[in-house]
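Just below is one structure, and these are the notes that go with it.
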Amino acid sequence: MGGHHMRRDAGRENQDIVLKNGLIVDGTGGRPYTANLLIRAGRIHRILPRAIRSRGVTIDCSGRVVAPGFIDTHSHLDWQLPLKGHDELKYPFLAQGITTVVGGNCGASAAGFREGSSLRAQAADNSMNTGQLVLQWDTVAELFERLAASGASHNLALLAGHGSARASIRGMNPSPLHPYETKELLRILEIALEHGARGVSVGLQYQPGLYARPDELKEVALLVRHRDRILAAHPRCVSAVAPGAPARSFAEGCNIAALRELIDLARQTGVRLQISHLAFAGARTWKTSESALRLIDDALADGVDVRFDVCAAHSTVAPVGAALSPWFQAKGRAGFEDMSALRTLRKEMRKAERLLGLGAADVRIADAVDPDLAEYNGKALSEIARLRRSGAVEVLIDIARRTSGRARVLYDRMGNDRVLAELIRHRASLFMTDASVERSGVQNPAAYGAFPRLLRVARDGKLLSLEDVIRRITGAAAERFAIRDRGVLKEGFAADITVFTWENVREGDSTDSMAPEGIEYVFVNGRKIIGAGKKEGPLNAGVPVT
């Protein structure tokens, strides 16, 4: 299948391009060197220290880094790539230098459903689907065929979402799966892996993943292990305190208990584990970063294959429903009519807010989804509470009720500079955006500048060398997700290339423009998508990664 995709691109791309005198940072971690690189028919044809004669286009890259295209290891772009048009939802990721994304994270993938399921629309009605994509397929193979025919803005490596498959079998029903349902779930996931999914993702803080019992998760992990793929897991909790968390988790921190659950699963099953967005929500949680990294170091020392994703921005967007206690989410719409349940929920949420150091001023409405609530877009919960003369917890619950939990909220205190530096330096870290561009409301800075910010922070803080940081966001990421012939500048490999200036690459100033600085050229499968910092040509050079 991969060869067929490349032939389609090669047919369109027939002009040689020479990148002249650039500093080659090849993605392997090897020392940078100055050379000339020839792109031909969508591939890297030659890398030579001497001049390359060509009748094609020559671009002088003197004083610039020529690197493999960046790989976003935790993306939700699989929900936007099949949309016709809507470049505004996709282009900001190219502008960061990202050419390949790993989609289908947090248990929600845009393919991998029970075939013919009447619940497919319900499975697609999630907060990752910011482009309001209407699904017209079930399988990963069908999605890949569609993207291969139309082209996409990025190359897509897909994880099969456990939550998507589960929802297509039984919706958001919180009760344990029947044995025959577990069998069907595993078969759906296995078919997705056969069709080219790089692994399976679980989202244990989101419906329906939060209802998965340990035995169900173990079965999924064993399937992934048997297929020699990767399990990407969003933990049940990313804060030291959380509403409705078991009392026993408060002693070590809810987030540490959630991390331990995942590492124990990897120990038991031998599955390769990718911990999704290792983050520390709220000031009280920041001090747990050392415990988290110690857990990971101990697991690595014991031979557990574990890595984690990091976002260089201190913000994240999540569905408002995820802020509610799991027991309350399990009640569905009925919970909002149950006065006793609402009283308990308010009490739990107020206690969590008090203990956490993540206040109502730190949580903004990114996109309220409901037009009647659009006036709240961009406003903090504390500000909305003042306007409505009510408490912030009441505001959050009301917005969750009116949008069925789908309104998106922006959390601003997901870490600090000290924690970020620890995570960037750690040998198990890979890098990601975990962001989508909102159709309205306030934007997550990570959608526009996570990778340029990472490069700036690594450079200015001397956290990683140029060759190390590039290896992490290219070659190491490709290796982790078994993405062949990408991630390294090597003759014969796909010409996914990002050219940037190391001295001044940085994220945009979000008060003025979110566009990053220093990313000058971006090539996807040999097609120049960004030239001299400006968009060129249609965003359709990307292919499925199989």
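Where a number appears in this text, it was derived from the coordinates with a stated rule and is not lab data. All values reported here derive from a predicted model rather than from experimental measurement. Note: ideal-geometry Cβ built from the backbone for every residue, glycine included; neighbour counts use all protein chains shown.
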Legend entry - Mean Cα-pair separation over length for the chain, i.e. relative contact order, pairs under 8 Å, 6 or more apart, %: 21
Inset, instruction - Find the centroid of the Cα atoms in segment 494-538 and in segment 266-343, then give the distance between the two in whole Å. - result: 32
Legend entry - Sorted peptide list for 63-70, 458-465, 37-44, criterion being average Cβ within 10 angstrom, highest first: 63-70, 37-44, 458-465
Inset, instruction - Quote to one decimal, in nm, the extra length available between Asp398 and Glu142 on full extension: 0.36 nm per residue of separation minus the C-alpha distance between them. - result: 88.3 nm
Inset, instruction - Go through segment 472-477 residue by residue and turn each phi into a ³J(HN,Hα) via Karplus (6.51, -1.76, 1.60, θ = phi - 60°); whole Hz please, and just put x for glycine and proline. - result: 5, 9, 9, x, 5, 5
Inset, instruction - Quick one: work out the % antiparallel among DSSP beta bridges in the chain, nearest 5. - result: 55
Inset, instruction - Give me the angle, in degrees from 0 to 90, between the Cα long axis of helix 179-194 and the longest principal axis of the Cα atoms of the chain, rounded to the nearest 10. - result: 10
Inset, instruction - Just the isolated ones, please: cysteines in the chain lacking another cysteine beta carbon under 4.7 angstrom. - result: Cys61, Cys106, Cys311
Inset, instruction - For segment 68-139, build the convex hull from the C-alpha positions and give me its volume per residue in Å³. - result: 90
Inset, instruction - With N set to the residue count of segment 277-381, report its C-alpha Rg divided by 2.2 N^0.38 Å to two decimal places. - result: 1.35
Inset, instruction - State, to one decimal in nm, how far the label point of Leu300 lies from the label point of Asp338, with both points 7 Å from Cα in the Cβ direction. - result: 4.3
Inset, instruction - State the answer as a single residue: which of Tyr376, Asn21, Gly282 lies farthest towards the positive end of the charge dipole of the chain, with beta carbon charges of +1 for Lys and Arg and -1 for Asp and Glu, about the Cα centre. - result: Asn21
Legend entry - Projected-area average for segment 451-523 over all orientations - Cα convex hull basis, square nanometres: 5.5
Legend entry - Size of electric dipole in segment 333-411: Cβ of Lys, Arg +1 and of Asp, Glu -1, about Cα centre, debye, nearest 20: 260
Legend entry - Net charge dipole size for the chain [Lys, Arg +1 and Asp, Glu -1 on Cβ; Debye, nearest 20]: 300
Legend entry - Separation of alpha-carbon centers, segment 136-154 and segment 82-100, rounded to whole Å: 16
Legend entry - Scaled radius of gyration (Cα, divided by 2.2 N^0.38 Å) that segment 333-411 gives: 1.05
Legend entry - Helix 339-356 axis, angle to the chain major axis (alpha carbon atoms, nearest 10°): 50
Legend entry - For segment 453-459, Karplus couplings with θ = phi - 60° (6.51, -1.76, 1.60), whole Hz, Gly/Pro x: 5, 4, 4, 5, 5, 5, 5
Legend entry - Answer label for percent of Cα pairs over 35 Å apart (calculated), chosen among (i) 36; (ii) 51; (iii) 32: (iii)
Inset, instruction - Rounded to the nearest 500, what is the 222 nm mean residue ellipticity of the chain from helices alone, with -39500 (n - 2.57) per DSSP H run of 4+ residues and division by all residues? - result: -10000 deg cm²/dmol
Inset, instruction - Report the relative contact order of segment 25-183, percent, no decimals, based on alpha-carbon pairs under 8 angstrom and at least 6 residues apart. - result: 23
Inset, instruction - Please tell me the relative contact order of segment 333-411 in percent, rounded to the nearest whole number, where contacts are Cα pairs under 8 Å and at least six residues apart. - result: 33
Inset, instruction - Quick one: angle between helix 254-269 and the longest Cα principal axis of the chain, in degrees between 0 and 90, rounded to 10, please. - result: 60
